[in-house]
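Down below is the structure, laid out as C-alpha cells.
The values are calculated or read from the model by the stated rules, or taken from the named source; none is laboratory data. As the structure is a prediction and not an experimental result, all values here were calculated from the model. Cβ atoms come from the backbone with ideal geometry, glycine included; neighbour counts cover every protein chain shown. Note: areas computed on protein heavy atoms with side chains; ligands, DNA, RNA excluded. Shrake-Rupley method; radii C 1.70, N 1.55, O 1.52, S 1.80 Å.
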Amino acid sequence: MQAEPTRWLLLVHQLPAKPGYPRVKVWRRLQVLGAVAVRNAAYVLPASEQAQEDFEWVLKEIGELGGDGMIWEARLVDGFSDEDVQGLFNAARAEDYDALSKNARALTAALDAKGAPDSQGEARTRLTRLRAEVARVAAIDFFGANGRETVEGLLSGLEARLQEDKTMAEDRHEQSAGGTAADALKGRVWVTRRGVYVDRIASAWLIRRFIDPEARFKFVPAKGYEPEPGELRFDMYEGEFTHEGDRCTFEVLLARTGLNDPALAAIGEIVHDIDLKDAKFGREDASGIARVMDGIAAANKDDERRLERGIEVLDGLYEVFRRKRG
C-alpha cells in the first residue's frame, strides 16, 4: 500500500533589500524552528498545528519589518519529492549533530588535558549546555537524521566520567556493559531506524552471522516508536544496543556479547571511523568501504535490500581479515 503523501507548510515571503538585518533576523528565526529552504525565500515545515502557529508568528514579524508573505499548505506534485525534502531536513540536522559531537569530543579532550577538580565543575556546566542543545535539535529533527546516537553516546560517556561517586558509576557501567547471555538474544525481532547506513547495516550483519542466526529485522520511524514485548532495538535512541561513550553500536554489540575475534574487531574499527568520523583508528580502508556503502544506499531505497547488499560486502570483508589472520 502506497504511503500517504506528506503534508507540508510553506512560508513564502519577501523583505526590503535594505537594510540587511531584517533578512538575517528572519533567517535566524526560521533556523530555530528547523525550517529548510526549498527556494529563495520559500521555507517549509512538516504540516502540524505547532508549525502553523510558528510560521504565523514569523509572518507577523516579517510584516513588522516591512515585508509581506503568505503561508500555504501543500502536497508536492512535481519537482521536489517528499523524499527530497525530507533529505534536506535530515542533512541540516545531521550537520547540527555533527557540530555537537565535535563539541563533546573537545570537552573530553579539555578534561583530559586539565583533570583538576575546578575543570570538572566547568565541564559539568558545558555538558549541561550541550544536553540542552541536543534536546533543542532533537525537537526539530522531524525525520530522524543520522548523528543523534553518536552525540548521545559521547554525552553519556562524559556524564559517567563526571559522576561524583565513581564507585557507583563503575558498578552501573559493569552491569550495563557486562556480557549479555547468548540465549536471551536468540530468535528476536531486532528493531532499528529506517534508512539504514553503515553502523546499522554492519550491526545487522553481526547479529545475523554471530549473535542471532534467526534474527528478524524491523525498520521503524526514528521518533515515536513504542517497542513491542520481546523486541530489541539497536542503533536508535534509548535502544538496548546503541552508542556508548565513543563506541558505535557495532563496537557495543561486540563488547556486550563477548565476541573476541580479531577479524570482527578490524571491521569494528572501520565502522567506527566511518560512522563517528573521528579517525580514531585511522583505517585506510574506511574510505573505500564508505564509498561502497554510499553506493548501496543510493541504489537501494528499500532497507531489506540495503541489508542484503551490505551483508554480501561484509561477508567478503570478514573473509579477507580472517584469512589475513591465518
Kindly provide the set of residues from segment 13-36 that are assigned to a strand (DSSP E or B) and open to solvent by less than 50 Å² (accessible area, probe 1.4 Å), ordered by number. His13, Val36
Report every pair of residues separated by at least 6 positions or lying on different chains whose Cβ atoms are under 7 Å apart, first residue within segment 249-263 and over 13 Å from Asp199 (Cα atoms), second open to solvent by less than 30 Å² (accessible area, probe 1.4 Å) and assigned to a helix (DSSP H, G or I). Ala255/Ala177; Arg256/Ala177; Thr257/Ile211; Ala263/Phe321
Only unsatisfied item for Ala92, checking (1) under 26 Å from Glu152 (Cβ atoms); (2) part of a strand (DSSP E or B), is (2)
Segment 161-189, subset open to solvent by less than 50 Å² (accessible area, probe 1.4 Å) and not in a helix (DSSP H, G or I), residue modelled with the lowest pLDDT: Gly178
Pick from Leu276, Leu317: which is hydrophobic (A, V, I, L, M, F, W, C) and under 20 Å from Ile211 (Cα atoms)? Leu317
With the requirement that a residue be in a loop (DSSP other than H, G, I, E, B) and either of a type in the set (Val, Ile, Thr) or free of Cβ contacts under 8 Å to residues at least 60 places away in the same chain (or both), what does segment 52-80 give you? Leu65, Gly66, Gly67, Val77, Asp78, Gly79, Phe80
Matching residues, segment 184-235, being of a type in the set (A, V, I, L, M, F, W, C), free of Cβ contacts under 8 Å to residues at least 60 places away in the same chain and out of contact with any Leu (no Cβ under 8 Å at 6 or more places or on another chain): Ala184, Ala215, Val220
Hey, Glu238 hits all of (1) modelled with pLDDT under 95; (2) under 18 Å from Glu152 (Cβ atoms); (3) crowded, with 18+ Cβ neighbours inside 10 Å but one; which does it fall short on? (3)
Report, by residue number, each residue of segment 42-62 that is open to solvent by less than 40 Å² (accessible area, probe 1.4 Å) and out of contact with any helix residue (DSSP H, G or I) (no Cβ under 9 Å at 6 or more places or on another chain). Ala42, Ala47
Picking from Asp285, Asp278, Asp246, the residue that is open to solvent by 50 Å² or more (accessible area, probe 1.4 Å) and under 22 Å from the mean Cα position of the chain (by Cα) would be Asp246
Of the residues in segment 88-108 that are within 15 Å of Asp275 (Cβ to Cβ) and open to solvent by 30 Å² or more (accessible area, probe 1.4 Å), the one that is farthest from the chain's Cα centre (by Cα) is Arg105
Condition (residue is modelled with pLDDT of 90 or more, more than 30 Å from Arg39 (Cα to Cα) and β-branched (Val, Ile, Thr)) applied to segment 144-160: is it met by at least one residue? yes
